[in-house]
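Heads up, the thing below is written out as structure tokens.
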Amino acid sequence: MDMHTVVVGTSGTTAEDVVAVARHGARVELSTAAVDALAASRLIVDALAAKPEPVYGVSTGFGALASRHISTELRAQLQRNIVRSHAAGMGPRVEREVVRALMFLRLKTVASGHTGVRPEVAQTMADVLNAGITPVVHEYGSLGCSGDLAPLSHCALTLMGEGDAEGPDGTVRPAGELLAAHGITPVELREKEGLALLNGTDGMLGMLVMALADLRNLYTSADITAALSLEALLGTDKVLAPELHAIRPHPGQGVSADNMLRVLAGSGLTGHHQDDAPRVQDAYSVRCAPQVNGAGRDTLDYAAVVAGRELASSVDNPVVLPDGRVESNGNFHGAPVAYVLDFLAIVAADLGSICERRTDRLLDKNRSHGLPPFLADDAGVDSGLMIAQYTQAALVSEMKRLAVPASADSIPSSAMQEDHVSMGWSAARKLRTAVDNLARIVAVELYAATRAVEIRAAEGLVPAPASQAAVAALRAAGAEGPGPDRFLAPDLAAADTFVREGRLVAAVEPVTGPLA
């Protein structure tokens, strides 16, 4: 586990802290201000609970059952029951990092002091995270409104010592056994606490934050692979000139063009041709790479703005306000997050598509400007990278299906009380698959482009220093260079890991300087 400690205060958290807790096991600690805010808001809830008038979430049922006033002696049972009944997920288990992000983000909202949860409940949430205990959460069960109800309910069930959870050793056991093994006392929920643990966009937000981190790496990696493909195709780097991009000043476009230009600095391949006829223009997949990659980058930036607002939010219903009121609201609706999750799936699909088009061009002897068919060693005897492109094309086709927006759908629930939902959880789940696929697609282009660059180098054309660094690092990572046909899947897997872990970017930056 990472020894870094994330302190949770009253004013939200950062994307970096989410990733640290979800992926790197950072410890979680409540600030003194958070504990004080929790105690203060709890006093308000306790005072309202003592009054005869019904208050939603404190002394009433929930959703379509909110009209029933619940007597004092039944309220603890009510809070237990909402957790148990809402823990109704089905399907495969959700990944550990997603569950940790979800738990941490729920703790972030609880610590704001707007939920009425007691400090000891928040501390138990932190203790479970720090113990490496991960509730079993299932794929299906959230409509993204009122937040991620079923996933959060499975997490709350663990706090109660019920249901199943995964221990730090990876073994799934009854949650009560795991809590006892780590000296954690199960919580006994009181008024409003069950509802407060369930009502938020935490799952979809956690997946958004992690997708943004992954996509930042993949967009920079795709700038590098586009530059390598341009170089291997003997294209012109004149289209990357900053003065051309200044007259269409989309920020991401300029960034991608600059990245590509820096990768190509010192290349002996750009501008060469296999005959005396000058090439006036390269194909769109080569020439327009900065425009496509850059538009995706700008979409990432907008999604990061939305994520930042959510990370600073306290999402619950009802909420405890500083003046002592407990008010119902609709802040749990996942629409803002769902939309950007879908936007990201669209741009990821288009990035994958343009990567595949460049790969196909590298393999086609009629369009590759002198490269051997399929980059094969002995075409006809060898098939080269023919089927690697098939695999890439299959991934791109799935990406297009995953780009169909989930947020355009809605299905009524809770006896028509929740009659318009966001489907944000579904948008997040398909985006995770899209991000995984995109890494594989970029890896195939990288594998093809580095092989093509090496073939050019064998002909006496000297690649850019950054290209040489990328080739050397990829070969050292286990993805072999040109030669007779061999079992290709291990090479592609090595290239995938190389890209996914950010090692492509790390390989070229000592030559180019930091890339955006």
- Item | Pairs, first among the hydrophobic types (A, V, I, L, M, F, W, C) in region 481-493, second outside any loop (DSSP other than H, G, I, E, B), C-beta under 7 Å, six or more apart | Leu488/Ala388; Leu492/Ala388; Leu492/Ala443; Leu492/Val444; Leu492/Tyr447
- Message: Please go through (1) open to solvent by less than 30 Å² (accessible area, probe 1.4 Å); (2) of a type in the set (A, V, I, L, M, F, W, C); (3) farther than 30 Å from Ser267 by Cβ for Ala443 and return the number of the only condition it doesn't satisfy.
- Response: (3)
- Task: Those residues that are open to solvent by less than 10 Å² (accessible area, probe 1.4 Å) and under 22 Å from Asp360 (Cα atoms), I need them from region 397-434; list them, please.
- Result: Met399, Ala434
- Query: Within region 167-189, can you find the residues that are open to solvent by 30 Å² or more (accessible area, probe 1.4 Å) and either in contact with a Ser or Thr (Cβ under 6 Å, 6 or more places away or on another chain) or not in a helix (DSSP H, G or I) (or both)?
  - Reply: Pro168, Asp169, Gly170, Thr171, Val172, Arg173, Pro174, His182, Gly183, Thr185, Pro186, Glu188
- Query: When you go through (1) surrounded by fewer than 23 Cβ atoms within 10 Å (Cβ to Cβ); (2) over 25 Å from Gly370 (Cα atoms); (3) out of contact with any Phe, Trp or Tyr (no Cβ under 7 Å at 6 or more places or on another chain) one by one for Val508, which number turns out not to apply?
  - Reply: (1)
- Query: Given the residues Val471, Val462, which is the only one that is outside any helix (DSSP H, G or I) and β-branched (Val, Ile, Thr)?
  - Reply: Val462
- region 39-83: number of residues that are in a helix (DSSP H, G or I), surrounded by fewer than 16 Cβ atoms within 10 Å (Cβ to Cβ) and among the charged types (D, E, K, R): 2
- Task: Output the number of residues of region 308-332 satisfying the condition of being touching a strand residue (DSSP E or B) at 6+ places or on another chain (Cβ under 7 Å), surrounded by fewer than 18 Cβ atoms within 10 Å (Cβ to Cβ) and hydrophobic (A, V, I, L, M, F, W, C).
- Result: 1
- Message: Here is a check on your reading of the model: is Ala87 among the small types (Gly, Ala, Ser), open to solvent by 10 Å² or more (accessible area, probe 1.4 Å), in contact (Cβ under 8 Å) with a residue 24 or more places away in the chain and within 29 Å of Val19 (Cα to Cα)?
- Response: yes
- Task: Hey, could you check region 471-494 for residues that are surrounded by fewer than 17 Cβ atoms within 10 Å (Cβ to Cβ) and in contact with a Gly (Cβ under 8 Å, 6 or more places away or on another chain) and say which is nearest to Leu385 (Cα to Cα)?
- Result: Asp485
- Search result, residues across region 411-444 that are of a type in the set (Ser, Thr, Tyr) and either modelled with pLDDT of 95 or more or within 16 Å of Pro151 (Cβ to Cβ) (or both): Ser413, Ser422, Ser426, Thr433
- Of (1) under 25 Å from the mean Cα position of the chain (by Cα); (2) not in a helix (DSSP H, G or I), Phe487 fails just (1)
- Name, by its number, the condition in (1) open to solvent by 10 Å² or more (accessible area, probe 1.4 Å); (2) closer than 23 Å to Leu143 by Cβ; (3) of a type outside the set (A, V, I, L, M, F, W, C) that does not hold for Arg106. (1)
- So Gly144, is it modelled with pLDDT under 95 and either surrounded by 22 or more Cβ atoms within 10 Å (Cβ to Cβ) or more than 21 Å from Arg432 (Cβ to Cβ) (or both): yes
- Query: surrounded by fewer than 22 Cβ atoms within 10 Å (Cβ to Cβ) and either out of contact with any Cys (no Cβ under 9 Å at 6 or more places or on another chain) or closer than 25 Å to Gly25 by Cβ (or both): does that describe Glu162?
  - Reply: yes
- Could you list all residues from region 355-390 that are part of a loop (DSSP other than H, G, I, E, B) and not small (Gly, Ala, Ser)? Asp364, Lys365, Asn366, Arg367, His369, Leu371, Pro372, Asp377, Asp378, Val381, Leu385
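The values are calculated or read from the model by the stated rules, or taken from the named source; none is laboratory data. In this text, all values refer to a predicted model and were calculated from it rather than measured experimentally. Counting neighbours? That spans all protein chains shown, and the Cβs are built from the backbone with ideal geometry, glycine included. Ligands, DNA and RNA are excluded from the accessible area calculation, which covers all protein heavy atoms including side chains. Shrake-Rupley method; radii C 1.70, N 1.55, O 1.52, S 1.80 Å.
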